[in-house]
Structure formats: C-alpha cells, structure tokens
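A short worksheet on the structure shown next.
What follows is calculated from the coordinates using simple rules that are stated; it is not laboratory data. Note that the coordinates shown come from a computational prediction; the quantities given were computed from them, not determined experimentally. Glycine gets a Cβ as well: all are built from the backbone with ideal geometry, and neighbour counts include every protein chain shown.
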Amino acid sequence: MGDTYINPHETRNQADSGNTSADGSAIATLDGSVDEPPIRSAGSSHYLTEKSRGETRYIEKLPITEITNDPDQDDIAICAHTLTGIEVIRRLQTNADKGLSEHDCVLRREKHGHNKLESSGSVTWYKILLRQVSNSLTLVLAIAMALSYGTGDFIEGGVITAVIVLNIVVGFFQDYRAEQTIQSLRAMAAPACRVVRENGTMLSIKAEDLVPGDIVQLATGDIVPADLRLFSSINLATDEALLTGESKPCTKDALSTLNHIECALGDRINMAYSSTTVTRGRAQGIVTATGMNTEIGKIAQLLRDKKVYEDSSTFVSRAVRRVLHGIKSALGLIGTPLQVKLSYFALLLFALAILLAVIVFSTSLWDIDGETLIYGICVAVAVIPESLIAVLTITMAIGSKAMAAGNVIVRKQAALEAVGGVTNVCSDKTGTLTQGKMLARKAVLPSGKLLTVVNELSPFDPTRGDVLVDDVRLESASVNEVDELRHFFSTIALCNMSNVLPPPGDQDLWSATGEPTEIALHVLARRVDQGKDEILSRSGMSLLTEHSFDSSIKRMSVVYSRVDPDRTIFSFTKGATEALLPLLDMADGQRREILHQVDTMASEGLRVLCLGYRQLDEADLESITDRAVIEAEGCLTFAGLVGLYDPPRLESAGAIKQCQAAGVVVHMLTGDHLKTATTIAKEIGILGPDVYGSNAQTAVMTAMDFDKLTDDALDVMDPLPFVLARCSPTTKLRMLEALHRRGRYCVMTGDGVNDSPALKGADVGVAMGLNGSDVSKEAADMVLTDDNFASIVSAIREGRRLFDNIQKGLG
Ligand SMILES: Nc1ncnc2c1ncn2[C@@H]1O[C@H](COP(=O)(O)OP(=O)(O)OP(=O)(O)O)[C@@H](O)[C@H]1O
Ligand code: NA
C-alpha cells in the first residue's frame, strides 16, 4: 500500500483524518510539488485540502493530546507517526507553504543545536605529532642518529638529525592541514538539502543547518537529512538498511497515520529517517528531530556509550591484540598501501644495516675495538638513505595540494596513489564529456512534419528563437487547433519535472532547475506558450501519479486527470526510442519508419526521445501505481520524436588526447543511443584514426550485445569497446570485471543512485560533485567539484608525478 500518492480505489485501514477523500482535489496537491524554486510547495495545497475537506470531522478525530503553545520537539519526535501531517505542522508552529523564517531558525538552533552527529573527538595536534614520530623510517633514522653521535661522527649525525627534524616538521604541517581539509570536506560533503523558508523560497542549505519544523523536499538519490514526518509523497521508497537491517526498500505513504506509538521503525511508513536514502520517488516532509535526537543519533549515542572492545574474548587475547595493533601502528604498518610498503622498505633497510654491521664485526672475528665499531656503524648508517625521507614528505605534500587545486576532492587517501597507476578511464558522457546543457533542436511529428528551432540564444530562454513547422513559423495560438501539435506539446511539458524560471526583476537571464533533458523539452514547450503551468491551468488537469525517470528502463510516465464532468484520464510517457517503441500501438512498418528517423537524427549527434500518450479508463486506475503493469499494457499513441543537442565540453578533446599520449585508454559508457554516442565520441577523439583499434568491430557496441557475451568471449575481444551505448549500471560492472581480468587498473565515473557498485568496484571510483547523487558521492574515492572529464586527467597526471618522484627518491 502507499505505492502511490492517491488511489481512489484503495481502502485505507489506518485511522485517517479526512484524507481518505482522495480524489481530484487532494490530487491537486501533487502537481504543486514540482521540486524547485520558487514554486508553491506541495504541502500547501495538501494543507488546504485537508482543511477544506470535512473540517469538522477532522476536529472530531483529533488525537486527545494537549496542544500547547510551546511545542516540545522531543515529544513530537516520539509520536509524529501517530499524528496527521497537518497536526505535526501545527504543533511545530510552521507552515508547509512558507516554511520557517530566518529568525525562527536562529531561535530553534539555539535550543536544539546543529543537525549533526557528535563525532568521537577531533584529532589533536599532539596526536598528529605522535604520528610523525611513530613510523619505521623515523625510528630507524633515530637509531642511526644515536649511533652516529655515539661513535663521534658528528657530521653524519647532524645530517640525520636535520632530516628527522625536517621530516617531522613538514609531515606535521602537512597532516595538520590535511586534517583541517578533511574537516572542511566533511562539511562540504555533508549532504545539502532543499528546504522551504522565508515565505516560501526554496533554498539549498547544508543539512547541518536544519532545525525542527523545517519543510524539506526529498528526491531520488537524496540522503534524508533529518528525521521527517512526510506530508506529501509520490511513489516514495527509502532504503533503511542502516537503521532496521531491512535490505528491501521501504515504500512510504505520507497520507497514512498510524495508531501505535510503539510501532516498529520499519513500519512507520509516513516517516523518513535521517541517513537513510531515497531509492525512488519524491516527497515533502517536516523535520521532527535533528542531530543526536534522530533515530540514527540514538544509535550513535549507544555506540559511544559502549566500551570499545566489548566482545566475548578474554582479557589476555584483548591485550595481545592491542599490543600487536600498537606495534604495527608504531612501525607504520597500518595505513595506505604506499605507506605500508615504505615502512617495510625501512625495516628491510634496517635489517640490511644490521647484517652489514654483523659482517664487519665478523671479519674482525668479533674482536671489537673502537675502530671496528665505528667502521661497522658507519657502513650500517650509510645504507639508510636520509634523502629519501625528505623527498617523500615533500612530494606527498605538494601532490595532495595540487589535487585539491585541480577540482578533485580525494575522499580516500589510497586513491591519491592509485590514480597514478591507472591504465583505463571509463567515463560517463552527459555532463562529463559534454556540457550537459541540452537544447531541443528538432522534432518529428507523427504525420512526418519536421519541427525545427532556429535563432535561439541561450539554453534556458524561451522568448528568443522561433519554432518552425516545415519551414513555416509556428504561432502559439495555432498549437491548440492541431491535434498532433497539442499532444506533442502536452507530452513534453507534462511528463516533465523541470522548472524554467523567468529572470528576476529587470535582468534578462533565464534560469532553470531539473534534469537537462527535461529542461530542454520544457523550454521548447514554453516557446509556444505550452509550459506545464500554462497547460495545467488551461485544461484543469492534475497529477494522479508519476513514475520518475529510471535509467535502467530509460523512460518516465505520468498520469493526469481532468476533474471535468466526465473525468478524463491521460498518461504521458517519454523515453529512449528502444524503450518506447515496443509500447507504441502501431504497425511494424510504421515502427521501422520511426527507427529510420531516429537513426538520421542520432547520426547528427542528437539525443532522441520518443513520446507517447494514452487515454485511460477509470478501470485502468487500479493499475497505474504499478510500473510493471503500465509497461505491460502499453498501447501508447505515438506523439513524436524530439532531438536534443548537448555540445561536448571544450576541454574534452584535449584531455582525451593527453590520456592517449600517456597510454591511458578512454572508454565512454553512456546511457545514450549508439549513433549519438558514436558521433560525439568521434568529435572528441575517443574514436579516430590515431586510436588503435578504432575501426575494429568491437570498438562500438550496445550494452545489449555486450551483456549477451560470456566472460570468455569478452576476454578474447580485442579491443574492449571504446563506446558502450545504452549502458545500465550492471553493464558498467561487467566492463570493470573484464578490465580487471586483463590486469588493467581503472577509473570509473558515475552519478546515479545505482552506480554505487561500479564506483566501489573500480580501482578509483569518481563521482560528480555538482550533479551526482549523494549516494554516489558516498561510494566514490574521488569527487570532481566541476563534473569535468578534464579534472580526471589532471588527477591522473598529478598521481603519476607523485609516483615518479617517489620512484626517483627510492632509486
Ligand atoms: N528525464 C528523462 N525522461 C525520459 N527519458 C530520458 C530522460 N533522461 C534520459 N532519458 C532517455 O534515457 C536515455 C539514457 O539516459 P541516462 O540518464 O541513463 O544516460 P545519461 O546519464 O544521460 O548519459 P550518460 O550515462 O552518458 O551520463 C537517454 O538517452 C534518453 O533517451
Ligand atoms: Na549516467
């Protein structure tokens, strides 16, 4: 239950207040819940709905709790799931529409503190200093120094002392700075969230700044920033494994109200808990608990209160384990692979030094006089390369600084070294190799008429530029007179979650929020006054349900209904051609015709979307909530094709050339059409006369063909594809495995929720800082602050320099 926001045929068994009247008017809630500024929030209309619908009944059913003027936040956190959304909003003295004022927030923050988990103490300066002293190299050097002084070799002794001091000082400042960077990175990487504040403005703020009573919006891929009582939701599901251990996503329903306060966390389907992740859908909720008061905070508190080694092992085995751990970390055998390697190296040198000393002493048949002693020690000390340590420390310091300057946040230390050894890069296309700013250039209508956009200036400004139909300018007024035009524009505007925003005041810079693909379509619709809001207010339609875009099935559907006398219901679908063609109701000949048109557009480098719509009966409503059923039914009427252009980034071609010159192979793993991807790949040089194997049959493949092959077949393939089109997250994993079986070492980029396995599996997983989901950032080793492919290349360069310098130091 609760799979959708509203289903008239659904009977609810929860004690519920007036929201069972789930018909047209409550539905109106939904279309308001577009996710970005400066819209009215979904909450508002829901609020009105609940109020306007049977208010008396609502009051009768009010829980018998006292309403105080000073709502107690702790109290709300405990019982929010048993109250209606409205009640929670009222008790927390906020407004779903307007949100809290800045003044309120300051007061509440004073009372409840920041929304973050208290960590177990930050690293202090003396701990960092201790870390400098306690490693094999320093220990070995210290012994050498003592021996040198002991034998009166003050020059050698002085040099070693200088090296030790340099090592400690540089190391200290470097680590200290790194520690601070990590702190600030944590703050930066702390999930941002979208919140309604100050009379209804939508802001993006750090989760840390949330206070109880804030109105928060959630979308697929978000990490829930605080404990929330949801008050509107569409197809929402969250992954709560962290809290409940339940690995299946938990379907949420904002409109339900539960009866029992003690109800298990996993059953509280009207709540979303801090640190869980949104696996699908979107929602709005009100913050009921922050920081250590959240459910995850309570767990953290429990963990902190517990003794560190609280297991069944005996005192002795615990002590042994601790001592071993202590020795290992003192010798520097705990850390990144490189640190460990270096520590072993130092120990090896030390052993060698002792061996030499022993040899010297043996030649004098252990008749050790002063001279032999000095000689032996000098030989031993000479083996230890003081300069190595100085070089190392300085190189590491410079390397990590350069990375940060190059728009790459290194989340895991080991990645700093790993990235230098990379032999293959598997990159996304959209937004990474290309600019991610799409423009709708062309469209083909069902009748075969060609629609083109000319004279456009900026990607977001619908007022500049003209739409031509077969070379005749299309006037806004005539759209509604032609059926196929009306259906075409309704589909691209309504099956769309983006917002296109006029410039504020007297400026002329349009802006937009949402996915580039959808923005491009929305701008096209607005060029002829067919924006989403315009269509909705004109036709009186409201959203029934929505299945947001899913990159594994590559399409999106929405269902709208009109509340007129004979309630008409329409579904609109858009997606990749391969995903939509089987759902279209048409003859095979016509399908082939469409495929031909798609091919032509794709070879021009355009991303082609296919559109369809369908009129539904009341009876179909039963099934609209279940995506699998909608798919099976299909029977869509074809509404047209649209071609979007996403120009490559200017830096891409150069960066790819540098990679190839350095022997790094670049692969493009994209969700896009084969032809579109190939055209772009040629433009930026992933394929070309200089690239060995570019003309091979396997250079360009669709994921479908790739996935069909067995591992053995992949292993003999030469070369592995440079372009993999229509990729899904699992294809990325197979590509990774194939590369690993060949002993390659690779970077993999990803931005989506389901890219996490590929990011974790890669030698260096790279997430996108600007447009990536929180989940992908958590899984990655590195995050690009500018989403730019060129930054990966500079990271590789920096990593290699680091490696080379260390190599030189060792040699
Ligand atoms: N919002 C959307 N609604 C419907 N279909 C979409 C939408 N976005 C993309 N598509 C279709 O799905 C295909 C794959 O998109 P997907 O998001 O998986 O790839 P991408 O992330 O854009 O590309 P890349 O993997 O190179 O970054 C697109 O080529 C397009 O046909
Ligand atoms: Na992608």
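Let me make sure I get this right: for the stretch 701-758, a, b and c are the square roots of the gyration tensor eigenvalues over alpha carbons, sorted descending. Under 1.5 in a/c it's rounded, otherwise prolate if a/b > b/c, else oblate. Which is it? Oblate.
Cα convex hull, the stretch 728-811: 96 Å³ per residue, rounded to a whole number.
Annotation: amide H of Leu474 within the under-5 Å range of Val467, Leu468, Val469, sequence separation 5 or more or interchain, hydrogens built in the peptide plane.
Roughly how many debye, to the nearest 20, is the charge dipole of the stretch 633-749 about its Cα centre, given +1 on each Lys and Arg Cβ, -1 on each Asp and Glu Cβ, and no other charges? Spell out each step's value before the answer.
On the way: 11 positive and 13 negative charges, 43 e Å.
Computed charge dipole of the stretch 633-749: roughly 200 debye.
When only Cα pairs below 8 angstrom with a gap of at least 6 residues are kept, the stretch 470-544 shows a relative contact order of 30 percent.
Which entries of Lys206/Lys442; Lys442/Lys532; Lys341/Lys708; Lys248/Lys708 have Cα-Cα distances beyond 31 Å here?
On the way: Lys206/Lys442 40 Å; Lys442/Lys532 20 Å; Lys341/Lys708 41 Å; Lys248/Lys708 28 Å.
Long pairs (Cα-Cα over 31 Å): Lys206/Lys442; Lys341/Lys708.
Normalised Debye scattering of the stretch 648-760 at q = 0.11, 0.16, 0.17 Å⁻¹ gives log10 I(q)/I(0) of -0.33, -0.73, -0.83, counting only Cα atoms as equal scatterers and leaving out solvent. Counting only Cβ charges, +1 for Lys and Arg and -1 for Asp and Glu, the dipole size of the stretch 487-625 around its Cα centre is about 180 debye.
Using a 10 Å cut-off on Cβ atoms, rank the peptides 433-440, 685-692 from the highest mean neighbour count down.
Working: 433-440: 22.8, 685-692: 16.8.
Ranking the peptides 433-440, 685-692 by packing returns 433-440, 685-692.
Of the residues Leu433, Leu494, Gly448, the one whose Cα sits farthest towards the positive end of the charge dipole of the stretch 432-522 is Leu433 (charges of +1 on Lys and Arg Cβ, -1 on Asp and Glu Cβ, taken about the Cα centre). Restricting the stretch 555-615 to trypsin sites (Lys or Arg not before Pro) that sit in a DSSP loop and have at most 15 other Cβ atoms within 10 Å of their own Cβ leaves Arg567.
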